[in-house]
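Data first, discussion second: the structure below is written as structure tokens.
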Amino acid sequence: MLTLRLAWRSFLRHRRRSIITTLALALGLAMMLVVVGIANGAHARMVELGVRMGAGHVVIEGRGYREERDLDRVVEGPAEILAAARRLSQVRHALPRVTASGLLTAGDASVAVGLTGVDPAIEPAASEVASKARRVAGDYLRTRAQLEYANQPADIYIGSQLAENLDLGLGDRVVLTASPRGGGKPASAAFLVRGVFRTGMAELDGFSVQIPLDEAQALLGLGGAVTEIALMLDSPDQVDAVVTAMKAGLRGRGELEVLPWQEALRELYETIVLDDAGTYLMMVVVFVIVGIGIFNTVLMSVIERTRELGVMMAIGTSARRLFAAVMTEAAVLAVIGCIAGLAVGLSIHSYVATTGLDVQEMFGNKLAVAGVVLEGRMYSRLATGAIVEWTAVIAGIVLLSALYPAFRVTKLEPIEAMRHV
Amino acid sequence: MSESVVEVDRVSKVYAQGSVKVCALRGVSVTIQKGDFAVLAGPSGSGKTTLLNLIGALDEPSEGRIALDGVDLSRMRSGALASLRLHRIGFVFQAYNLIPVLTAYENAEYPLLLQGAPAARRRERVQRVLDAVGLRGLEGRRPTELSGGQQQRVAVARAIAAGPSLVLADEPTANLDSRTGAELVDLMHGLNREHQVTFIFSSHDPKVVERAERLIRLEDGQLVSDERRAR
């Protein structure tokens, strides 16, 4: 109690200096919470968009298909796997897909495209590309059973830039050519443009098409096989659990692999890791500045009070108690600074978490990161654990910075210290 | 036969000032009895403060031995010496040396808090010593809000609050005017008589020296006389 009283009075003794130090501490913590919160929010948004634009949170595919694009490495008997996946409580959507390369021809013009065969019944609810929000013209794909005439060309859903490049409109006829499984002569099929999408991602808008799953399987000679099963989960936090469950379920099917989004979207994942590293580096700089500030304040305070500390020792204060007194002073700084930092940081975080930041307003344009276009609003995200951790880190730095000045006090000789002016 | 509180046995103290060695005390021996009101007198540089610091366990002799209540100080570690200063010795310094962030009451209470005395005992004791030094009504003032004489009274209150067997005062009146200085000596004298607190203080103020019941004169680090006077 005595130690705390002395620490508090010492804090008040040089109010201006204490307030400036506390402010630096508070701003350091606040900045850290805001920056980390926004970075987390941006990353979460990037993952969400990346996952919904393509791969899914978890992908099940033939081992090596991603590298080789060899149609012999496909997922045979997908129905059983889809059923197993849908039994998992975390799985919101299980999407069978066929992905391959092809050539889209319209009149005299041809463009190499990435084609995706999808299930038209379930894709719009799960995928960003197929969603109504991304559709700029027409409708989404229909199954063959839904067509007006049984023998009419199937639907094709194309990117807006591709439509513009090939001068295509709704109902126009195009031919899609691709190499079927096992090699041999390229196979072709005609399609009618059913709808046009725009994602803002050049790769998708300019070079991507979707066709019904069974049409893709027929064109590529896959029978009932698919090249991947994409799983959309309720939360990215469930990825590990689902990967583990699916791997366990697929034991004995060594030709298949289960990939989390971090592997399926490696470029995006590495960008996030690199960005996190940049954020942490910046934080280290903030920590060092805060640490030096605290070190300077506590050391100054100790040097200024050398005489007073000498008197305290002379009248019987033990070195241990003086050490505790200096550390308690630092703790008072840490507590006040952290409370102020949490108040400011969490207020800003709370605002950005609810209102969001307009990406276009901030950057003047859409922001593309690792092929994912960040658009709309970005929201701050901070887990309670992260708040506690960062606060503890700042408090720890304060206490660490005070260690040397406190240790120095224990080495004072009362007589020498009392001569100090 | 009265009980000895301090035994100084052939004590010397040599300081090194750069390459020059300065001998502050040379083979001083003296015994202070319980209840003594002793003044160390002598000109500046005679070794008064050095002897007080050695008796107060604030410094170590280069030679010789000092015992407090029969305990040899040279055998004690720094932690034990701090505890000894806390429980057995009260200090009054020339420059008051109060803790500036604490009030008069809190300064007097400080040694009792260090001792871990219960709140009720602290309250009773601090109020008693503040009354004794005439500071009733000024308990809540910080040192900067008190005059020099009042500050030195707080220092005396702090020195006696924890009930030490010995109070050491180094030139306690040096920074005070004559009247205030005389009042402070009266105060210490009163405490010595009423509470049997042993006082050793240094001074070269003739008015203080003439009040001494035991006058120990030092010159050039040597004890030149030790006379007892009638009360």
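A short reminder: the numbers here are calculations on the coordinates, not readings from a lab. Being a predicted model, the structure only gives us computed values, none of them experimental. As a convention, Cβ positions derive from the backbone with ideal geometry for all residues, glycine included, and neighbour counts pool all protein chains shown.
Can you list the lysines whose alpha carbon sits under 26 Å from that of residue A:132, skipping same-chain ones fewer than 8 residues off?
Straight-distance partners of residue A:132: A:366.
From the residues B:30, B:17, B:58, which one has its Cα farthest along the dipole of region B:1-117 in the positive direction, the dipole being from +1 and -1 charges on Cβ of Lys/Arg and Asp/Glu about the Cα centre?
Of B:30, B:17, B:58, it is B:17.
Determine which lysines satisfy two conditions relative to residue A:185: a Cα distance under 16 Å, and not lying fewer than 8 residues away in the same chain.
The qualifying lysines are none; the list is empty.
Which of B:84, B:58, B:184 moves the most in a Gaussian network model of chain B with Cα springs under 10 Å?
It is B:58.
So in region A:78-223, what percent of DSSP beta bridges are antiparallel if you round to the nearest 5?
70 percent
Per the Kirkwood formula on distinct C-alpha pairs, the Rh of region A:57-264 is how many angstrom?
One over the average 1/r among Cα pairs gives 17.5 Å for region A:57-264.
Do the sum for chain B: with -39,500 (n - 2.57) for every DSSP H run of n ≥ 4, divided by all residues, what is the mean residue ellipticity at 222 nm, to the nearest 500 deg cm²/dmol? Provide the component values of the computation, followed by the final result.
Details: 7 runs with 81 residues, N = 231.
Rounded to the nearest 500, the figure is -11000 deg cm²/dmol.
Taking H placed 1.01 Å from N in the peptide plane, check which residues at least 5 places from residue B:24 or on another chain put their amide H under 5 Å from its amide H.
Excluding prolines and chain starts, which carry no amide H, the hits are B:13, B:14, B:15.
Cα centroids of region A:120-163 and region A:217-265: how far apart, whole angstrom?
Centre-to-centre (Cα) distance: 24 Å.
Please give me, ordered by residue number, the trypsin sites (Lys or Arg not before Pro) of region A:85-136 that lie in loop per DSSP and have at most 10 other Cβ atoms within 10 Å.
When the trypsin sites (Lys or Arg not before Pro) of region A:85-136 are filtered for loop state and at most 10 Cβ neighbours within 10 Å, nothing remains.
Each residue of region B:21-29 in order: what ³J(HN,Hα) in whole Hz does its phi give by Karplus 6.51 cos²θ - 1.76 cosθ + 1.60, θ = phi - 60°, with x for Gly and Pro?
These are the phi-based 3J(HN,Hα) values: 9, 10, 8, 7, 9, 10, x, 7, 10 Hz.
Could you give each residue of region A:294-308 its phi-based ³J(HN,Hα) in whole Hz, using Karplus coefficients 6.51, -1.76, 1.60 with θ = phi - 60°, and x for Gly or Pro?
5, 4, 4, 4, 5, 5, 4, 4, 5, 5, 4, 9, 3, 4, 4
For region B:81-150, which trypsin sites (Lys or Arg not before Pro) pass both filters: DSSP loop (anything but H, G, I, E, B) and at most 13 other C-beta atoms within 10 Å?
B:136
Could you work out the helix-only [θ] at 222 nm for chain A, with each DSSP H run of four or more residues adding -39,500 (n - 2.57) and the total divided by the number of residues, to the nearest 500 deg cm²/dmol?
So the calculated ellipticity at 222 nm is -17500 deg cm²/dmol.
So if we plug the beta-carbon distance of residue B:204 and residue A:404 into 1/(1 + (r/R0)^6) with R0 = 30 Å, what FRET efficiency do we get, rounded to 0.05?
Details: r = 42 Å, r/R0 = 1.39.
The formula returns an efficiency of 0.10 here.
May I have the pair-distance distribution P(r) for chain B, computed from all Cα-Cα distances with 10 Å bins from 0 and rounded to whole percent?
8, 33, 36, 19, 3, 0
In percent, how large is the relative contact order of region B:1-51, given Cα pairs closer than 8 Å and 6 or more residues apart?
RCO, region B:1-51: 37 percent.
Show the residues, 5+ positions off or on another chain, whose built amide H is closer than 5 Å to the amide H of residue A:256.
Amide H neighbours of residue A:256, under 5 Å, 5+ apart: A:63.
Which residue, A:206, A:147, A:220, has the largest displacement toward the positive end of the dipole of region A:57-264 when charges sit on each Cβ (Lys, Arg +1; Asp, Glu -1)?
After comparing all options, I get A:147.
Give me the distance between the Cα centres of region B:56-111 and region A:31-68, rounded to whole Å.
With region B:56-111 and region A:31-68 each reduced to a Cα centre, they are spaced 67 Å.
Mind checking which of A:21, A:42, A:78 is farthest towards the positive end of region A:13-83's charge dipole, using Cβ charges of +1 (Lys, Arg) and -1 (Asp, Glu) about the Cα centre?
Going by the Cα projections, it comes out as A:21.
For residue B:228 and residue B:17 in the same chain, what is the full-extension length gain: residue separation times 0.36 nm, less their Cα-Cα distance, in nm? Kindly include the intermediate steps, with their values, before the conclusion.
Details: separation 211, 0.36 × 211 = 75.96 nm, distance 3.59 nm.
Taking residue B:228 through residue B:17 to full extension adds about 72.4 nm, to one decimal.
Anyone know which of A:182, A:221, A:159 comes out most mobile in the 10 Å Cα GNM of chain A?
Among A:182, A:221, A:159, the largest mean-square fluctuation in the Gaussian network model of chain A belongs to A:182.
Given +1 on the Cβ of Lys and Arg, -1 on the Cβ of Asp and Glu, and no further charges, what dipole in debye does chain B carry about its Cα centre, rounded to the nearest 20?
The dipole magnitude comes to about 360 debye.
For a footprinting-style exposure proxy, rank A:255, B:139, B:145 by other Cβ within 10 Å, fewest first.
B:145, A:255, B:139
For region A:322-332, take each phi angle, set θ = phi - 60°, evaluate the Karplus expression 6.51 cos²θ - 1.76 cosθ + 1.60, and give the result in whole Hz per residue in order, putting x for glycine and proline.
Calculated HN-Hα couplings, in order: 5, 4, 4, 5, 5, 5, 5, 4, 5, 5, 4 Hz.
Would you list B:165, A:127 from fewest to most Cβ contacts within 10 Å?
Placing the least packed residue first, the sequence is B:165, A:127.
Taking neighbour Cβ counts within 10 Å as the exposure measure, how do A:301, B:202 sort from fewest upward?
A:301, B:202
Per residue and in Å³, how big is the convex hull formed by the alpha-carbon atoms of the protein assembly as shown?
Hull volume over Cα atoms, normalised by residue count, gives 235 Å³.
Kindly flag which residue pairs out of B:13/B:207; B:21/B:48; B:13/B:48 have an alpha-carbon separation exceeding 20 Å in this structure.
Working: B:13/B:207 29 Å; B:21/B:48 18 Å; B:13/B:48 12 Å.
The pairs that break the limit, which is 20 Å between Cα atoms, are B:13/B:207.
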